[in-house]
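This report concerns only the one structure given below.
Bear in mind these aren't lab numbers, they're just calculated from the coordinates by the rules spelled out. As the structure is a prediction and not an experimental result, all values here were calculated from the model. Positions of Cβ are generated from backbone atoms using ideal geometry, with glycine treated the same way; all protein chains shown enter the neighbour counts.
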Amino acid sequence: MDELLQGLRAAAEPTRLRVLALCAHAELTVSELVRILGQSQPRVSRHLKLMVEAGLLERFQEGNWARYRLAGIGTPTLSDKNADRHAAVARFAEAVIDLLPADDRTLGRDLDRLQKIKAERDRAAQDYFARNAKRWDRIRALHVDEKEVNQALVRVFGADRGARSLGRFLDVGTGTGRILELLAPRAEAAVGVDSSSAMLSIARAAIDRAHLNHCQVRQGDMYQLPFADGAFDSVSVHMVLHYADEPARVLEEAARVLAPGGRLVVIDFEAHNLAELRAEHQHRWAGFEQEDVREWMRDVGFQVHPVETLEGGPLTVCLWVGERPAEANENALAAG
Ligand SMILES: C[S@@+](CC[C@H](N)C(=O)[O-])C[C@H]1O[C@@H](n2cnc3c(N)ncnc32)[C@H](O)[C@@H]1O
């Protein structure tokens with residue numbers, strides 16, 4: 001009752017209803033909301049604070065920016081001590097949004113301004129992409145066609161079994177969000193994590209364009225993922241491990257956020273001797289020995305599949321697949 005009343009009070013104000021409507025379409029920063037609403041920053045911030053406290057919105061820090069998002073949309077997986085309370089308020093927020101009149105002129109104008117902001121974001125992301133595309137293309141040219149890697153990924157995740165077959169999906173080191181775009185359509189909810197906000201802006205624009213509303217990106221560190229234990233059913237780590245000082249710790253963290261029965265897929269290069277990748281592309285590792293990664297995965301409790309390799313070009317791409325044992329098996333293993 002208390003939560004519902006707090007939610008009702010927080011929504012029962014014209015500006016806050018407009019904010020709810022806007023956040024149903026995008027994650028927004030305070031300054032973007034100030035531009036759309038045409039109100040002062042302190043005023044907008046006050047509204048946002050109240051809405052976050054009531055559980056209608058979630059606030060995420062990304063670099064210097066705080067982003068606001070409708071609570072509960074695509075976020076059943078975030079680490080949250082008050083998950084039940086927030087789920088109830090999130091359902092209430094969705095119900096309010098459904099009741100908003102589609103022909104309201106103020107809301108219509110707000111959404112037009114939102115479209116302009118999205119177009120600007122898209123342009124900024126594309127500029128960054130264009131500046132870096134040559135470097136990325138150079139690496140792509142060294143290995144098998146991306147389409148083949150994509151097909152293998154879909155297969156090893158069992159994503160060809162149909163809609164939602166990946167359950168709750170996490171892509172670690174999501175970069176431009178390519179893997180999210182590929183696999184999110186087969187997931188219940190999907191999240192991409194990356195440490196770079198420039199990369200995240202590209203990924204955010206890409207998932208927006210693809211209308212993947214159940215999908216989001218978050219700034220975070222692969223050694224300390226901002227999620228509860230067992231929050232996901234599927235995790236991918238695609239071309240990220242060779243940047244890790246401590247790859248075994250990345251796999252340990254992936255194991256932590258996977259639910260029993262969940263699946264981890266790591267895609268990376270097999271050990272190679274292309275020194276330029278370290279010198280010019282800041283790779284910490286010149287690929288990996290197949291057995292090293294398998295052993296790191298076994299050490300953190302995975303049942304490890306045979307490694308699949310994709311050859312074509314100087315670099316061989318490996319797919320390491322591990323399963324977290326179902327709970328009963330885990331208990332048996334722990335009991336020795
Ligand atoms: C080569 S890109 C791969 C991107 C994406 N997985 C793909 O295959 O298209 C590696 C990504 O790892 C991210 N990264 C590096 N260190 C990280 C860390 N400690 N935590 C999270 N992401 C990290 C980088 O920002 C970059 O976006």
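Some notes on this structure:
- Across the chain, Cα pairs under 8 Å and at least six residues apart give a relative contact order of 13 percent.
- Spherically averaged projected area of the chain from its Cα convex hull (nm²): 18.7
- Full-extension gain in nm, ARG123 to ASP299, via 0.36 nm per residue minus C-alpha separation: 58.9 nm
- For the chain, adding -39500 (n - 2.57) for each run of n ≥ 4 DSSP H residues and dividing by the number of residues yields -15000 deg cm²/dmol at 222 nm.
- Diffusion constant of the range 142-334 at 37 °C, which comes from Stokes-Einstein with the Kirkwood Cα-pair radius and 0.692 mPa s, µm²/s: 196
- Distance between the modelled labels on HIS211 and ARG155, one decimal in nanometres: 3.1 nm (7 Å Cα→Cβ projection).
- For the chain, the residue among ALA326, CYS215, ALA275 whose Cα projects farthest onto the positive side of the dipole built from Cβ charges is CYS215.
- A protection proxy built from the mean count of other Cβ atoms within 10 Å ranks the segments 114-123, 294-303, 164-173, most packed first, as 164-173, 294-303, 114-123.
- Simple spin-label estimate for ASP137 and ARG113 in nanometres, 7 Å along Cα-Cβ: 3.9
- Theoretical gain in end-to-end length, LEU50 to ASP103 [0.36 nm per residue, Cα-Cα removed]: 16.4 nm
- For the peptides 193-206, 141-154, 27-40, 244-257, the ranking by packing is 193-206, 244-257, 27-40, 141-154, with the highest mean count of neighbouring Cβ atoms within 10 Å listed first.
- Size of electric dipole in the chain: Cβ of Lys, Arg +1 and of Asp, Glu -1, about Cα centre, debye, nearest 20: 1480
- With q set to 0.21 Å⁻¹, the log10 of I(q)/I(0) for the range 2-113, from the Debye formula over equal scatterers at the Cα positions, is -1.19.
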